[in-house]
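Here's the structure, in structure tokens; my notes come after.
The values are calculated or read from the model by the stated rules, or taken from the named source; none is laboratory data. Quick caveat, the model's predicted, so the values are computed rather than measured. We place every Cβ from the backbone using ideal geometry, glycine too, and count neighbours over all the protein chains shown. Please note that ligands, DNA and RNA were not included when accessible areas were found on the heavy atoms of the full protein model with its side chains. Shrake-Rupley method; radii C 1.70, N 1.55, O 1.52, S 1.80 Å.
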Amino acid sequence: MDQLNKLTSFPYNQVLVLGLAKSGEAAAKLLNSSGVSVRVNDQKPFSENPQAQSLHHEGIEVITGGHPLSVLEGVDYVVKNPGIPYTNAIVKAATERGIPVVTEIELAYMLHEGPIVAITGSNGKTTTTTLVYEMLKRSKKPVALAGNIGKVSCEVAQNTVPEETMVMELSSFQLLGTETFKPNVSVFLNLYEAHLDYHKTMEHYGQSKAKIVANQTPQDYAVYNADHQEVRTLVQKTQAQTIPFSLLSEQSEGVWTDGTSVYYKDTFIMKQNEILLEGEHNLENTMAAIAASLLAGATIEGIRKVLTTFTGVEHRLQYVKDVKGRRFFNDSKATNILAAQKALNAFSEPTIWLAGGLDRGQSFEELAPLMKHVKAMVVFGETGEKLREFGTKNGIETILMVDNVKQAAEEAYRISAEQDVILLSPACASWDQYKTFEERGNMFVKAVHTLE
């Protein structure tokens with residue numbers, strides 16, 4: 001096995017890794033292998049904590065079962081799990097003492113010597129990140145995938161080479177814990193109300209996202225959504241060269257569409273109807289990916305190859321298959337109204353909508369304008385009855401109630417006709433029936449593959 005990259009010239013003596021999970025474990029191992037003195041603190045008791053046990057076995061100091069302030073003794077740097085709020089007693093005490101509190105993204109930046117493309121936004125991050133990665137790969141560029149997409153950044157950075165571009169999906173939680181992080185190309189997709197239980201205000205949420213451009217220089221690029229006023233405002237402060245993308249207007253310095261074709265500045269990229277991804281929101285993601293990948297060295301040929309074959313990230317408006325003229329789509333990741341809105345808006349064909357899940361007390365009224373091309377509904381879960389009432393109120397004559405998404409797929413197929421779209425876009429979290437939205441989506445996909 002090749003030698004792993006290590007942190008060199010690391011300016012701190014004693015690091016506290018606060019909170020384990022995958023990112024904390026990876027950060028602790030990296031610091032330890034780089035010869036840095038590291039202490040780990042995790043809430044879960046040692047006897048129930050295999051990660052803590054593994055780190056202890058490697059000779060790392062581990063304190064579990066609570067967060068005593070004594071863990072900060074001698075510490076001059078804290079790497080915290082992104083999900084731990086800044087109201088946490090250890091985090092507050094560290095901040096008051098002037099100790100930097102970061103996420104492992106900062107370690108990845110110190111470690112990786114090659115270019116970085118970083119993507120953030122309220123929606124579309126995973127699709128855009130995957131597109132950029134695939135476009136660079138198809139263009140024969142050395143590339144690695146990291147971040148919120150499920151691959152711990154500092155772990156990925158241990159295996160990269162200087163010629164390799166690291167493509168990173170970053171959440172507001174991860175970005176908030178950065179100090180020196182600076183991507184060569186940043187992408188800011190959009191900004192919608194989200195995570196206010198953590199950020200408290202939209203202003204704080206937006207500022208956290210904007211850290212993606214904060215340290216960029218005139219040699220760097222900031223790709224941004226010109227159609228979102230909030231994004232435009234936040235990106236204005238960067239020193240990077242700004243590259244807009246827009247569905248609404250021609251962009252002499254960015255990516256745009258005339259409704260038929262997509263262009264980068266005045267260069268034709270491809271016909272819009274050749275792009276396999278469905279929906280206006282995915283056209284935005286596509287345009288952002290085109291800009292970012294071109295700036296990172298992708299070829300137009302590589303971009304076209306991806307966009308004419310890529311059918312979507314799993315569980316995010318993912319095309320499953322065509323069964324006797326019916327097209328099935330898995331959008332199990334649509335765990336809220338906004339995501340379902342985007343999915344329903346993606347189609348003009350007659351649609352059978354499969355929805356339901358955990359009841360958080362939400363109303364579905366925001367979806368009423370999108371019911372005009374919904375020909376039938378199949379509903380399930382805690383919100384099944386509420387969705388049935390909503391559908392009836394909005395003139396949907398055929399509404400079936402079933403026990404699960406397997407039955408939903410089968411019933412939707414039974415009542416469908418050729419040219420119909422059968423769309424699983426639950427508009428609710430999965431936890432009333434399934435451990436994760438992935439489990440829910442996988443059940444649906446499996447059911448679709450048994451239909452004939």
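Tabulated values for the structure
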read-out	value
Mean separation of Cα contacts under 8 Å (6+ apart) over length of the stretch 84-203, as relative contact order %	38
Pairwise label distance in nanometres, Thr267 with Gln43, each label 7 Å out on the Cα-Cβ vector	4.9
Where only alpha carbons of the stretch 355-446 are counted, the Rg and the Dmax (Å)	12.5, 36
Shape parameters for the stretch 142-298, alpha-carbon atoms, Rg then Dmax in Å	15.8, 43
Rg to Rh, two decimals, where the stretch 1-108 supplies the alpha carbon set and Rh follows Kirkwood	0.94
From the C-alpha gyration tensor of the stretch 276-345, square roots of 5λ in Å	24, 16, 9
In Å², nearest 10: area of Tyr263 left accessible to a 1.4 Å probe	50
Debye log10 I(q)/I(0) for the stretch 230-380, one point scatterer per Cα, at q = 0.08, 0.11, 0.15 Å⁻¹	-0.29, -0.53, -0.91
Stokes-Einstein translational diffusion, the chain - Kirkwood Rh over all Cα pairs, 0.692 mPa s, 37 °C, in µm²/s	140
Heavy-atom SASA rank of Trp256, Trp431, Trp353 (probe 1.4 Å, accessible area, largest first)	Trp431, Trp256, Trp353
The stretch 21-92, relative contact order [Cα under 8 Å, separation at least 6], %	30
Area of Lys333 that stays accessible when all protein chains are in place (1.4 Å probe, Å², to 10)	70
Charged-residue dipole, Cβ positions (Lys, Arg, Asp, Glu), the stretch 332-446 about Cα centre, Debye nearest 20	200
Count of lysine pairs in the stretch 1-97 with Cα separation under 22 Å (8 or more residues apart, or interchain)	10
Euclidean distance of C-alpha centroids, the stretch 301-330 and the stretch 6-45, integer Å	40
Cα-only Debye scattering, the stretch 323-378: base-10 log of I(q)/I(0) at q = 0.12, 0.19, 0.28 Å⁻¹	-0.28, -0.70, -1.47
Cβ-defined net charge surrounding Asn123, 14 Å radius [Lys, Arg +1; Asp, Glu -1]	-2
Two-decimal ratio, the stretch 144-228, of alpha-carbon radius of gyration to 2.2 N^0.38 Å	1.14
Proximal lysines relative to Lys386, as straight alpha-carbon distance under 25 Å, when same-chain residues fewer than 8 apart are discounted	Lys333, Lys342, Lys372, Lys375, Lys406, Lys435
Solvent exposure ordering (accessible area, 1.4 Å, most first) of His57, His204	His57, His204
Residue-span extension gain [His57 to Glu452] - 0.36 nm each, minus C-alpha spacing	136.9 nm
Pairwise centroid distance, computed over Cα atoms, of the stretch 53-113 with the stretch 158-217, Å	20
The chain - percent relative contact order, Cα under 8 Å, separation 6 or more	11
Efficiency of FRET between Thr308 and Lys140 - r from beta-carbon atoms, R0 25 angstrom, step 0.05	0.90
Glu366 accessible area, 1.4 Å probe, all protein chains in place, Å² to nearest 10	120
Contour excess over end-to-end distance, with Cα ends at Glu179 and Leu248 and 0.36 nm allotted per residue	21.4 nm
Cα principal axis extents for the stretch 293-452, largest first, Å	51, 34, 31
Under-21-angstrom lysine pairs by C-alpha in the stretch 145-280, whenever the two are 8 or more apart or on separate chains	10
